[in-house]
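Values quoted throughout were computed directly from the atomic coordinates according to the rules given, and no laboratory measurement underlies them. This structure is a prediction, so every number in the text was calculated from the model and none was measured. No Cβ is skipped: glycine too gets one built from the backbone with ideal geometry, and neighbour counts run over all protein chains shown.
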Amino acid sequence: MRTLVVAQKRLTTAEAAAWLLSYKAAATQLNKRADCLAEVGAAIETSLELLGITAIEDKLQDEVPEVIADLARAGIRLWMLTGDKEETAVNIGYSCNLLVNGMKLHYLTKISSPLLYSEQLRSIHNDVAARFVAGQGYQHPDGKVTEMALVIDGPSFTCFNFDDEEQRALMLEVGKSCRSVLACRLTPMQKQQLVSLVKTDSKPRVTCLSIGDGANDVSMIREADVGVGIFGKEGRQAANNADFAIGQFKFLRRLLLVHGRWNYIRQSKVFLYCMHKNMVITLTLFWFNFFTAMSGVSFYESWVYTGFNFILGLPIVFLGVQDRDVSARFALEYPEVYVTGRNNVYLTMVNICGWIFNAVVYSVVICLLFYYAADPSFLYYGLYGMGTTVFVGTLNALQWKVAYLFHQWDWIKLFLLILSIFGGLAYFTIISLTLYEYYGETTRLYDSALFWLYGFFAVPFFVIFIDVATYNFYMFFFPTEEMLFREVESHEVFNQDPLSRGMAASKQRQRVGKADDVIEQES
């Protein structure tokens, strides 16, 4: 509840003029200007006549505690930066699940000098370093382990030395050890400074998201990697300066846990696939150079080669727009699956190198099948005839790969895949009717059994077998968390009521195995 007392005081002209002179003198002070203004204000705010009191209910929006709890389950560190006073901020923290009963609170407040601030920060850091148990929390002298939180205030934060690397490191280490950080009585500039501190000094680098609903949150929103503005009663300044605008705080849960995760996986696969397919087509030319004495001769006709990315474009574009590895319901019920994007699972150096190695293997298998196994048959082909056969086999192998990447199938994806395959054949036909050096080439190729056998069946089958075998090897012996999430969702246990789900889970533990253990422990 925000209250405002309305009162009045009748002044003579002389009293008003004298007070204005005092106010102007205080406003122009170079030292302790705020104290002087407060003293002048207190001098006139006496013997007031009470007119009334206004009150505005300032309650939390719907589902704020539930959303914050889910974000914490997802492994997201939460910092609340507010202009409210300390007592109000702490009460809000308890009401919205940022703070929980029994939690160890460290206070970095009511400090007036940089030296005291540095000593207090170091003392908190030493206490955390001595008593923090990794993966559990703060261990009290009696052996009890609880979570931690840090409370700081704006007036004390002015004593923080941003040029001191040691202070910056201590603040971040304490913040990372805490379940949440509450910063109260902050100015907009101090909010921006805190966000900048976390964004620039964290190692490994983290992605910062700021969310706010008022004009005083704009600097913080613009400083973060991702800014989210809420349309509220305080205006649209925050929403107008944000990357995303939402109507209520509760929509942040779906924005992050569902769409954020989906989008990360989609864009990661699009990037990896595009890198992979271009490496494969380039390496087929590289290996061919060993048969041409490094002369640089290409067996791909230039117009055929130009159509490579166009022919493969539609399926991967729709994978990047529509594909979903788990349903929205599953992602909301188990926020722990957000670990995929939080840990950058798909774009780690190991995974990228795995895709590069896969592209090399693809190119080697394609070249072994065409350059050696089919070499006697190509004695009766021209250069472009052989190149087009290899090109079509490579295209179809990569089409099968993108089809294997899909987690859901519908008629749109199937239509686009068929359109890409036969659209490529139509494209080659048009070229063969318009280019002199390529004239009639497709007529001869389409009459050849070798073209259809190798280009549409043998090469794609052998190449996609590599992916199928690799995936199933990891699935049975070294399953990733993403594999386990999909296994749990596809399992019939998930679609049953809670009682039946528990009974079925106990009976079928052996089949689900590690996947059920992961979900039950985290939930």
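Figures for the structure shown
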{"read-out": "Total formal charge among the other residues, if their Cβ is under 13 angstrom from that of TRP303, Lys/Arg +1 and Asp/Glu -1", "value": "-3"}
{"read-out": "Helix-derived mean residue ellipticity, 222 nm - over the chain, DSSP H n ≥ 4, -39500 (n - 2.57), to 500", "value": "-17000 deg cm²/dmol"}
{"read-out": "Gyration tensor (alpha-carbon) shape descriptor, the range 35-143, a/c threshold 1.5", "value": "oblate"}
{"read-out": "Gyration tensor verdict on the range 64-206 (Cα atoms; rounded if a/c is under 1.5, prolate if a/b is larger than b/c, oblate otherwise)", "value": "rounded"}
{"read-out": "Given charges at Cβ of Lys, Arg, Asp, Glu: the chain dipole, positive-most of VAL350, SER302, LEU50", "value": "LEU50"}
{"read-out": "Cα long-axis angle, helix 33-44 against the chain (0 to 90 degrees, to the nearest 10)", "value": "50 degrees"}
{"read-out": "The range 281-352 shape via C-alpha gyration tensor axes, a/c threshold 1.5", "value": "oblate"}
{"read-out": "Label-point separation in nm, VAL297 to ASP225, each point 7 Å along Cα→Cβ", "value": "5.1 nm"}
{"read-out": "Angle between the chain longest axis and helix 481-490 axis [Cα atoms, degrees, rounded to 10]", "value": "80 degrees"}
{"read-out": "Projected label distance in nm at LYS24 and PHE477, using a 7 Å step from Cα toward the beta-carbon", "value": "8.7 nm"}
{"read-out": "Nearest-0.05 FRET efficiency for ALA373 and TYR436, computed from C-beta distance (R0 25 Å)", "value": "0.20"}
{"read-out": "Beta bridges per DSSP with both ends in the chain, % antiparallel, nearest 5", "value": "35 percent"}
{"read-out": "Unsatisfied cross-links (Cα-Cα over 29 Å) in the set LYS104/LYS203; LYS176/LYS233; LYS110/LYS199; LYS144/LYS250; LYS176/LYS250; LYS110/LYS191", "value": "LYS176/LYS233; LYS144/LYS250"}
{"read-out": "Rg ratio (alpha-carbon, reference 2.2 N^0.38 Å) - the chain", "value": "1.36"}
{"read-out": "Ellipsoid equivalent to the range 182-263 - semi-axes via the Cα gyration tensor, in Å", "value": "19, 18, 10"}
{"read-out": "Using alpha-carbon coordinates, inclination of helix 114-131 to the longest axis of the chain, degrees", "value": "50 degrees"}
{"read-out": "Computed lengthening from ILE53 to PHE271, 0.36 nm per intervening residue step minus Cα-Cα distance", "value": "72.5 nm"}
{"read-out": "THR443 versus ILE44: modelled label distance in nm, points set 7 Å from Cα along the beta carbon direction", "value": "9.8 nm"}
{"read-out": "Linear extension gain, ARG131 paired with ASN344, 0.36 nm per residue minus alpha-carbon span", "value": "73.7 nm"}
{"read-out": "Farthest toward positive dipole pole in the range 1-80 [+1 Lys/Arg, -1 Asp/Glu at C-beta], among GLY41, THR28, VAL64", "value": "THR28"}
